[in-house]
Amino acid sequence: MTKPGTPKRGTLALVTRPGEPGQRLSTALRDRGQRALWWPAFDLLAPAELEPLQALLQRLAEFELAVFVSPAAVRGLSALDLCGPWPAATRIAAVGASTLQLAHRLLPGAAAARGIGPGTDPQKAGSEALWDTLRRDGPLPRRALIVRAESGRDWLGDRLREAGCQVEYAGVYRRVVHLPSPEQRAALGASRGAGDRAVSVVTSSEAVAALDRQLAEAPDARAWLRQGLALCSHVRIAQALRAAGYVEVHECEPSAAHVLEAICGAARGEAVARMAPARAQ
């Protein structure tokens, strides 16, 4: 039986978050009565070359600050097992509270390092919020290491460089656009054919372009997604979605409870719009 307050079965949540977090979110949505299809924008793979990364991480103690841009960056570094115990003098910064907690938990010796983050409010997370925190707490580091994928997430590094900081990047994983399976494509097509409303759950700006590539040979499905509801976790992602033609974009935390709340809220808004009388011109 569907739990009270969950949306009707006329929606399909397309979860584009890669890896284990995306699978967990898809399962949590289904457990709460919402149909969900895990459709990762990317596959997360180990770096193509490990020797340059290993040489960089052996100099970890030279950096006053190490910035983790996502939970995937923490997991990527932890899985590679290329650095020893975390240097006590190297502070750890993260763009969100959950990323900071994960770094303290997964990286050997990191629990003793000072942590810097933008706070626990998910609406105030992200690179901009962390930059504000770093400037407010000061002084800014002279050398910083940004731990990320092999590309992307340049904004914070640019701000640090402009402030006179020497910045290096540790690409601890690769993002490769996921090739959807025939089963995934069939499930998407069946939902579109049944007249369901699409709800795209997008957790990175890069995923917007990845979706376009995945559906390059399915323009009807791509148009269907753009006419549906798009949920994202940051204003920059919202801007990318709107620029790509998504007509209804809402910001919300990428958790099952918040996604369901946003879906139900959007459905109530549609119902009010349909019932409201036309205003006199």
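FYI, it's all coordinate maths here, none of it is from the lab. No experiment lies behind these values; they were computed from the predicted model shown. Positions of Cβ are backbone-derived with ideal geometry, glycine not excepted, and every protein chain shown enters the neighbour counts.
Annotations for the structure displayed:
- Put simply, the C-alpha atoms of the chain give a gyration tensor, and the ellipsoid matching it has half-axes of 37, 21, 17 Å, longest first.
- In the chain, the DSSP beta bridges split such that about 10 percent are antiparallel, to the nearest 5.
- Between Ser255 and Asp220, the modelled label-to-label distance comes to 3.9 nm, taking each label 7 Å out from Cα in the direction of the beta carbon.
- Alpha-carbon radius of gyration plus Dmax, which is the widest Cα pair, for the stretch 45-175 in Å: 13.3, 38
- Alpha-carbon gyration tensor eigenvalues x 5, square-rooted, for the stretch 61-102, Å: 16, 14, 8
- Alpha-carbon geometry of the stretch 131-258: the Rg and the Dmax are 18.3, 57 Å, given in that order.
- Against the chain, whose longest principal axis comes from its Cα atoms, helix 19-31 is set at around 30 degrees.
- Ranked by how many other beta carbons lie within 10 Å on average, peptides 51-58, 206-213, 228-235 from highest: 228-235, 206-213, 51-58
- Here is how the number arises for the chain: DSSP H runs of 4 or more residues each give -39500 (n - 2.57), the sum is divided by the residue count, and the result at 222 nm is -13000 deg cm²/dmol.
- Using 0.36 nm per residue and subtracting the Cα-Cα separation, the extra length available between Arg142 and Ala61 on full extension is 27.9 nm.
- In degrees, nearest ten, helix 71-80 long axis to first principal axis of the chain (Cα): 50
- Spatially, the stretch 26-51 and the stretch 134-195 are offset by 15 Å when compared through their Cα centroids.
- Crossing angle, helix 97-106 versus the chain [Cα axis fit, 0-90 degrees, rounded to tens]: 50
- Rel. contact order, % - alpha carbon contacts under 8 angstrom, at least six apart, the chain: 19
- Rg/Rg_ref, the stretch 220-267, where Rg_ref = 2.2 N^0.38 Å and atoms are Cα: 1.11
- Of the peptides 242-249, 85-92, the order by per-residue mean of other Cβ atoms within 10 Å, starting with the highest, comes out as 85-92, 242-249.
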